[in-house]
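Trainee: My questions all concern the structure below.
Coordinate-derived values only; no laboratory data. Quick caveat: nothing in here was measured; it's all calculated off a predicted structure. As a convention, Cβ positions derive from the backbone with ideal geometry for all residues, glycine included, and neighbour counts pool all protein chains shown.
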């Protein structure tokens, strides 16, 4: 017997999507272990914790906290993605276009063999700062306190940086260099879309 969806409110679809996304994120460490990747236990705890609040309302502190963590994960993979919320929040087309150009540039430069490791001091610190800025921007757009989301964004950026670097290292050893880079691109873009879903 089929289940009708005609009577569902639009918000119900958002709740279902958020629940599915949260479950997928919570299962991420298990999937990584299945291909030989393992995060430190504190990092795994943070990632699993993402599964709880990520589907929350973008207008409530708990929902913004989860979204900031997800944004931080995306930032750990591609640092310029943290600039998407403040760019969109500015309401200026020129700013949005400039940020889009920075994102495309990073997606390109990331594939070059001369690009330094994201785990060296300057790139890692930059990702942490940008993750914090992105989380604070999400909170500010909803007139909420910025301290918690800023910390969440920085923590997510740290986890994303470590996980992404480890994944690329393992993939390179198996000859999957460009495939892993493309996969990480897609994951980062999906994460930033999830973090910003429903936020206006």
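Trainee: Given 25 °C and 0.890 mPa s, compute D for region 57-196 with the Stokes-Einstein relation, Rh being the Kirkwood radius over Cα pairs; round to the nearest whole µm²/s.
Mentor: D, rounded to a whole number, is 165 µm²/s.
Trainee: Answer rounded, prolate or oblate for region 62-125, using the Cα gyration tensor with square roots of eigenvalues a ≥ b ≥ c: rounded when a/c is under 1.5, else prolate when a/b is larger than b/c, else oblate. Display every interim value, and only then the final one.
Mentor: Numbers: a/c = 2.73, a/b = 1.25, b/c = 2.18.
Oblate, since a/c reaches 1.5 and b/c is not below a/b.
Trainee: Based on the mean of other Cβ atoms within 10 Å per residue, sort peptides 186-194, 168-176 so the most packed one is first.
Mentor: Averaged packing, sorted descending, gives the order 186-194, 168-176.
Trainee: If you don't mind, another one. What whole number of Å gives the distance from the Cα centroid of region 143-200 to the Cα centroid of region 74-91?
Mentor: That distance is 12 Å.
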